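This report refers to the structure that appears directly beneath it.
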Amino acid sequence: MTTSSPLNVLGLPGLLHGCDYNPDQWQHAPEIIEEDFQLFPHAGIGVISLNIFGWAKLEPQEGHYDFAWLDDIFARAEKQGMRIFLTTPSAAAPNWLTAKHPEILRVDENGQRRLQGSRMNFSPNSASYRAHVSRINRALSERYGQHPALALWHISNEYAGTCYSDESEAAFRLWLKKKYITLDALNLAYWAAFWSRTYTDWEQIRAPRGHGEHTTVHGLCLDWRRFVSDAWQDFIAAEVAAVREGGSSVPTATNLHPGGMPYDPWRLTAPTDIISWDAYPAYHDRDEPWDTGWNVVVHQSFVQDLCRSLRPGQPWILMETTPSSANWMDVPKLKRPGVHVLTVMQSIAHGADAALYFQWRAGRGGEEKFHGAVMELCGGPESRVFADVIAATHALEKCAPVAGSLASAEMAVGFDWDNWWTQANIISHGGHGRSHYPWEQLDLYRTCWENAMPCDVLDPSAPCIDLARYRILALPQQYLLRNGLVEKLTAWVEAGGVLLTGVLSGWVDENDLAFESGMDPAWRRLVGLRREELDHLYPDETNHFIFPKDNALGMNESYAAIDKLELNHLDGAELLASYGSEFYAGMPAFTVNAVGNGFVYYQAARSRQDFRNDLLKALWKKHGLVPLLPLGTLPPGITVQRRKHDDGREFWFVLNFRRIPQSIDLGKIQAVDLISGQEINGSINLTAYGVAVLDFGGIISQPILA
Ligand code: GLA
C-alpha cells in the first residue's frame, strides 16, 4: 500500500489485510513466532488481532500479570510496521477466575449453572465478572493504549448467550422498573389480565423460558429479548469505559456473531466506534451458491449492507473469515480456486475497509486444530491456501484507492430485531412457523442485488438513520410499530419519499399490543386503508393480484397472491390491483396513497418473486431510481456494487459468483479495472468466480436506464 492512498476507517492508508494471531498458544516454541513474523510480509498480513483468548497467559494468577509475551509481539509488530487490534480477553475467562467466582458462569433456562468450559460462558449481568474484566482492560489500556502499533481495541469476541441466573433476573426487573415505573403500567402493556397473569409484585416477574412463561405474555417475551441485548450493550459499554479509564483513545469495535445475529446489533454496537462482523459463507458448498439456501451470497451481501447501515457514513471491518474451510460446517468443503478473493472482495464491495482471517496459524490442539488457517498444519508458505491469501493481498493493494469510500444507496429495505423477534417467535395470528420475516426482506433485497440497484438494509426507527437520503424504502411486514416510527415515515413521505409496505404491517404497537381500534390512526392515514380481516391460504392455494390491462406501472395483469392476504377497504388510497377470487374478489390487493409529495404503496398479500421483481423495477422507473446498469444486463449470479468518495470518484465491484466465466455488455462504459489494471471499454469478461473493480476516476460514462 502506498502512502498516497486515501485513508481507511482507522485513519491508515489503503485497505487492511490481517488475521487473528494467537501467540499465547506458542510461547513454548519461540522459533514459530520468529517464523510468523518472517512470513507475515510474504502473505501480505499487515494487521494482527491479538490476545483474543489470552487472559490465562496474561494473568496466570489473580493480580499477577505477565505482559512479556505481549510486549514482545508489540515490539516485533512495530519494527515491521504492522498494526495491532488488541482484544480485551473477556470471551474466555481463565480457570482460576471461575473457580474462585463460579457466580460469573451462566445459568441455563432450567436453572443449572454451567461449569467452566469452552468460551463465552459467562453472564453479562455478573457484577463480579464485570469488575474483573474492567480490571484487566484497564491494565491493558495503561500498558498498550498509547503504543504506536495499536490501531484498534477489539472488544471481546462474538458476544452471545442468555443467562437466567438470579442476578440476571434481578437486572431484568430493574430494567422493567425503569421502563414501566409502575406495575399497573406493566400489566396493561402486557395485557396481563388475560389468563390471570396480573403481577402484584415485581418479584413475581421471571424471565420467559420453555417450562414457564413463553408464549402467553407477548410483551414480556419481547422485553426479555430487548433486555438481553441491552445487557450485552451494557457489558460492552463497561468494557469500553475501562479501556478509556486506562487512558487510551484508540477506536473500539466488537465483532458481531455470524450466526444469524440473535442479538440486536443496533443495541450491541452502540458503545463502540466502528462496526465489524465475522463472515463464514459456504459458497464453495454448492455449484450455484448465489441461489441456494440461507447462508448464501445474497444473504451475505444483505448482512454486509446492514453493517454499513449500522454506522452510516463509515466503512466497517470484516474481522474474521476463513482463508479456506471452517471445520464446524456440515461439509467443510475447500474454497474452489477464485472463491477466496471473491469473498474478500465482496465484503469490500459492501463497504469494508479491512479483511481479517480466523486465523493465522492453526493450533495443534483444541476444537479448531483442523479449522482453516493461513498457516495450516500441513500447509505453509508454499500451500494453495497461502497463495490464495497472497492473491487477496494483491487485490486489496490494487484497490487501495477504495479505502474510506462509501456506498450511496437511494433504495433501502427495513429490517429490525423487534419485528424479527415478534414475528418469528411471539406472533399469534396463526400460521406459526410460517413467519416470512426476514425472508420477505431478503427476497426484495435479492431483486436489487440481481439488478445492480444499491440497497441499504436498515432499522427505520434507529436515530442514526436519516431517511432523507432514500427515495424508496421497502418495509415489508412492518408488523410492530415502534413509538415515533409512523411520524418519522409520514414526514419523510410528505417530503417526497416512496414507501412500499404491505401485509402484516401496522398491527401492533411497541409492546406488541394490538391497537385499540385495530389500527393506529396515523398508520391508517399513511397507508390510506382500513383493515378488516386476514385470510390464510394453504401452501398449494393461490389467489391473484389482478391489475388492469395497460396499467400505469406496467405490471402484468395477474400475479399469484399467496399465504397471507389482508382484507382491506380503501380509506383514501387508490386501487391499483384487486383480488381475483374468493368472496373477497375485487377487494384491494395493491394500492397507492398519495401523501404530500410522496406515495405509500401497499401490497395486501404475500407474493412470489416474479411480483417483487416486476414491482420494484416499475417503482424504480416511475420514481426515477436508476440502477447502475440497464435492466437485463446482468447474467444470473453476477452483482454490481458501488462505493464512492466525496469527490465523486466511483468504484463498481463486479462479482461473478458462478463457477463459469461470464461476460457483461457495459454499453458505453469506460473505466479501468483496478485489479487487472486493464482498460474496460464496452464489455467485461469475468473468469469463474472472477472479480473486477471498475475505477471511473471521477468521470462516469453511465448508460441511461432502458
Ligand atoms: C468464530 C470465532 C473464532 C473462531 C471461528 C472459527 O468466528 O470468533 O474465534 O472460533 O469462529 O470459525
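The values are calculated or read from the model by the stated rules, or taken from the named source; none is laboratory data. Just so we're clear, the structure is a prediction, and the values are computed from it rather than from any experiment. With ideal geometry, Cβ positions are generated from the backbone for all residues, glycine too; neighbour counts draw on all protein chains shown. Only protein heavy atoms, including side chains, enter the accessible area calculation; ligands, DNA and RNA are left aside. Shrake-Rupley method; radii C 1.70, N 1.55, O 1.52, S 1.80 Å.
Odds and ends about this structure:
- Being open to solvent by 60 Å² or more (accessible area, probe 1.4 Å) and not aromatic (Phe, Trp, Tyr) holds for only one residue in Glu158, Glu103, and it is Glu103.
- Some residue of the stretch 143-156 being more than 16 Å from the ligand (Cβ to nearest atom), in a helix (DSSP H, G or I) and at pLDDT 95 or above: yes
- Residue in the stretch 175-182 that is within 27 Å of the chain's Cα centre (by Cα) and without any contact (Cβ under 8 Å) to a residue 60 or more places away in the chain present: yes
- Taking the stretch 1-58 as the range and being hydroxyl-bearing (Ser, Thr, Tyr) and more than 16 Å from the ligand (Cβ to nearest atom) as the test, the residues that pass are Thr2, Thr3, Ser4, Ser5.
- Selection from the stretch 470-490 of residues that are open to solvent by less than 10 Å² (accessible area, probe 1.4 Å) and among the acidic types (Asp, Glu): none
- Val374 being of a type in the set (Val, Ile, Thr), within 16 Å of the ligand (Cβ to nearest atom) and more than 24 Å from Phe85 (Cα to Cα): no
- Every condition in (1) farther than 14 Å from Ala391 by Cβ; (2) in contact (Cβ under 8 Å) with a residue 60 or more places away in the chain; (3) within 13 Å of the ligand (Cβ to nearest atom); (4) in contact with a Ser or Thr (Cβ under 9 Å, 6 or more places away or on another chain) holds for Gly363 except the one numbered (4).
- Which numbered condition Ala77 fails, given (1) surrounded by fewer than 22 Cβ atoms within 10 Å (Cβ to Cβ); (2) among the small types (Gly, Ala, Ser); (3) away from the ligand (no atom under 16 Å from the Cβ): (1)
- Qualifying residues in the stretch 296-336 (those that are polar (S, T, N, Q) and more than 16 Å from the ligand (Cβ to nearest atom)) - the one farthest from Thr447 (Cα to Cα): Gln314
- Qualifying residue in the stretch 570-584 (condition: among the charged types (D, E, K, R) and part of a strand (DSSP E or B)): yes
- The listed residue being in a loop (DSSP other than H, G, I, E, B) and farther than 17 Å from Val297 by Cα, out of Lys335, Lys369: Lys369
- Every residue from the stretch 140-190 that is of a type in the set (Gly, Ala, Ser) and over 21 Å from Pro208 (Cα atoms): Ser141, Gly145, Ala149, Ala151, Ser156
- Matching helices (runs of 4 or more DSSP H) fully within the stretch 20-82 where at least 1 residues are more than 17 Å from Ala373 (Cβ to Cβ) and of a type in the set (A, V, I, L, M, F, W, C): 55-58, 68-79
- When Ala253 is tested against (1) open to solvent by 10 Å² or more (accessible area, probe 1.4 Å); (2) within 16 Å of the ligand (Cβ to nearest atom); (3) not aromatic (Phe, Trp, Tyr), just one condition goes unmet, and that condition is (1).
For (1) part of a strand (DSSP E or B); (2) away from the ligand (no atom under 16 Å from the Cβ); (3) farther than 20 Å from Arg244 by Cβ; (4) open to solvent by 20 Å² or more (accessible area, probe 1.4 Å), each residue gets a yes or a no:
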{"position": "Ile84", "(1), (2), (3), (4)": "yes, yes, no, no"}
{"position": "Thr98", "(1), (2), (3), (4)": "no, yes, yes, no"}
{"position": "Pro124", "(1), (2), (3), (4)": "no, yes, no, no"}
{"position": "Ala131", "(1), (2), (3), (4)": "no, yes, no, yes"}
{"position": "Ile136", "(1), (2), (3), (4)": "no, yes, no, no"}
{"position": "Leu140", "(1), (2), (3), (4)": "no, yes, no, no"}
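- Every residue from the stretch 162-178 that is open to solvent by less than 10 Å² (accessible area, probe 1.4 Å) and out of contact with any Phe, Trp or Tyr (no Cβ under 7 Å at 6 or more places or on another chain): Cys163, Ser165, Ser168, Glu169, Leu176
- Of the residues making up the stretch 583-638, those that are of a type in the set (Phe, Trp, Tyr) and without any contact (Cβ under 8 Å) to a residue 24 or more places away in the chain number 1.
- Top-ranked residue of the stretch 209-250 - restricted to ones that are away from the ligand (no atom under 16 Å from the Cβ) and among the β-branched types (Val, Ile, Thr), ranked as modelled with the lowest pLDDT: Thr215
- Picking from residues in the stretch 431-460 that are open to solvent by 30 Å² or more (accessible area, probe 1.4 Å) and part of a loop (DSSP other than H, G, I, E, B), the one that is modelled with the lowest pLDDT is His432.
- Near pairs, Cβ below 6 angstrom, 6+ apart or cross-chain, from the stretch 151-168 (more than 30 Å from Gly46 (Cα to Cα)) to any residue that is among the basic types (Lys, Arg): Gly161/Arg106; Cys163/Arg106
Residue-by-condition table, conditions (1) open to solvent by 10 Å² or more (accessible area, probe 1.4 Å); (2) within 24 Å of Met261 (Cα to Cα):
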{"site": "Leu188", "(1), (2)": "yes, no"}
{"site": "Thr200", "(1), (2)": "yes, no"}
{"site": "Glu203", "(1), (2)": "yes, no"}
{"site": "Gly210", "(1), (2)": "yes, yes"}
{"site": "Gly219", "(1), (2)": "no, yes"}
{"site": "Asp223", "(1), (2)": "no, yes"}
{"site": "Ser229", "(1), (2)": "no, yes"}
{"site": "Trp232", "(1), (2)": "no, yes"}
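- Some residue of the stretch 209-232 being within 18 Å of the chain's Cα centre (by Cα) and either assigned to a strand (DSSP E or B) or farther than 19 Å from Asp108 by Cα (or both): no
- Among the residues listed as Gly506, Gly496, the single one being surrounded by fewer than 17 Cβ atoms within 10 Å (Cβ to Cβ) and assigned to a loop (DSSP other than H, G, I, E, B): Gly496
- Only one entry of Phe696, Phe651 meets the criterion of being touching an Asp or Glu at 6+ places or on another chain (Cβ under 7 Å) and at pLDDT below 95, and that entry is Phe696.
- Restricting the first member to the stretch 319-337 and to residues that are modelled with pLDDT of 90 or more, and the second to residues that are near the ligand (Cβ under 9 Å from one of its atoms) and not in a loop (DSSP other than H, G, I, E, B), the beta-carbon pairs closer than 6 Å and six or more apart or on different chains are Met319/Asn255; Met319/Asp278; Glu320/Asp278.
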